[in-house]
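Student: Dumping the structure here so I can ask a few things about it.
The values are calculated or read from the model by the stated rules, or taken from the named source; none is laboratory data. Since we're looking at a predicted model, the values are computed, not measured. Methodologically, a virtual Cβ is constructed for each residue, glycine included, from the backbone with ideal geometry; neighbour enumeration extends over all protein chains shown.
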Amino acid sequence: MEVYTMEYANNEPRIIRDFKELEIIIKVMRDSNKKIALTSGTFDILHVGHCRYLKEARYFLKDPENTILIVGVDSDKKVKKQKGPDRPIVPEDERMEMLSHIRYVDVVFLKQPEEEKWKLIKAVKPDVLIISSRTGYNQSEQKELETYCGQIAELESQAETSTTAKIRLIAIDSAQEMKKVFESFYSSMSEILFKFRHELENKMDGMKK
């Protein structure tokens, strides 16, 4: 069995896919009197808002040196189920690896759609569960969550953008570029057809003579 230390948790590998392995890490952290903050999300097309959010999550308990931040990442299957077949843009392995390189993050865990509701939260039992203002837990759900967490903290968006907004912007830009291409193509073809028609008419006039 692998022995986990604080140094191990703060370096590679920090990407976890197995609950048993996660439980070992949590036990070591608890035995070391570390506080645990937990947050989750898709983190598709990582942007500055994500990084600021993760920093706030790590610093929420006012003791970042003794706080471990665990980040649950929705798997590709889970994202497709929630957001449609065209998402995510970035595959799960890349999303997890990028998060693992952010200094505020200690552990990255992959969440699957077949898991029971709040399985990661129940396994971690964090001192603080950090949720986004966009998460939308109702009062009944928050009350139930409090039985698994020391406290629940809601953070506002940390940037004036979102992954969805960025995707829309990319789609709009792409559509505009395609429109320019088609307009240019149509203009060129119209010119070619005009010249061809003019030459054809001249030849037919010549044949009549």
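Student: Hey, among LYS55, LYS78, LYS27, which residue is surrounded by fewer than 21 Cβ atoms within 10 Å (Cβ to Cβ), of a type outside the set (A, V, I, L, M) and touching a strand residue (DSSP E or B) at 6+ places or on another chain (Cβ under 7 Å)?
Tutor: After applying the criteria, what remains is LYS78.
Student: Go through segment 68-90 and count every residue that is assigned to a loop (DSSP other than H, G, I, E, B) and out of contact with any helix residue (DSSP H, G or I) (no Cβ under 6 Å at 6 or more places or on another chain).
Tutor: Number of matching residues: 5.
Student: Over 11 Å from ASP44 (Cβ atoms), crowded, with 18+ Cβ neighbours inside 10 Å and not charged (D, E, K, R), is that true of VAL105?
Tutor: yes
Student: If you take the residues in segment 70-94 that are in contact with a Leu (Cβ under 7 Å, 6 or more places away or on another chain) and not acidic (Asp, Glu), which one is farthest from GLN151 (Cα to Cα)?
Tutor: Let us first name the residues in segment 70-94 that are in contact with a Leu (Cβ under 7 Å, 6 or more places away or on another chain), namely 70-73, 75, 92.
Still in the running and not acidic (Asp, Glu): 70-73, 75.
On the way: ILE70: 15, VAL71: 17, GLY72: 17, VAL73: 21, SER75: 26 Å.
Here the answer is SER75.
Student: If a residue has to be surrounded by fewer than 13 Cβ atoms within 10 Å (Cβ to Cβ) and either more than 19 Å from the chain's Cα centre (by Cα) or not assigned by TED's automatic domain parsing to the domain that holds GLU21 (or both) to count, how many in segment 115-143 make the cut?
Tutor: 6
Student: Can you give me the number of residues within segment 30-62 that are of a type outside the set (A, V, I, L, M, F, W, C) and in a helix (DSSP H, G or I)?
Tutor: Summing the residues that are of a type outside the set (A, V, I, L, M, F, W, C) and in a helix (DSSP H, G or I) in segment 30-62 gives 10.
Student: Here's a follow-up. Which ones in segment 114-133 are over 14 Å from LYS35 (Cα atoms) and in contact (Cβ under 8 Å) with a residue 24 or more places away in the chain?
Tutor: Listed by number, the residues that qualify are TRP118, LYS119, LEU120, ILE121, LYS122, ALA123, ILE131, SER132, SER133.
Student: Looking at this structure, is ASP63 under 23 Å from LYS119 (Cβ atoms), touching a residue at least 12 places away in the same chain (Cβ under 8 Å) and surrounded by fewer than 22 Cβ atoms within 10 Å (Cβ to Cβ)?
Tutor: No.
Student: Hey, another quick one. Any residue at all in segment 40-52 that is touching a strand residue (DSSP E or B) at 6+ places or on another chain (Cβ under 8 Å) and closer than 22 Å to GLU146 by Cα?
Tutor: Within segment 40-52, one or more residues are touching a strand residue (DSSP E or B) at 6+ places or on another chain (Cβ under 8 Å) and closer than 22 Å to GLU146 by Cα.
Student: In this structure, is LYS111 on the phi < 0 side of the Ramachandran plot and either without any contact (Cβ under 8 Å) to a residue 12 or more places away in the chain or outside the structural domain of ILE45 (by TED's automatic domain parsing) (or both)?
Tutor: No: the conditions fail for LYS111.
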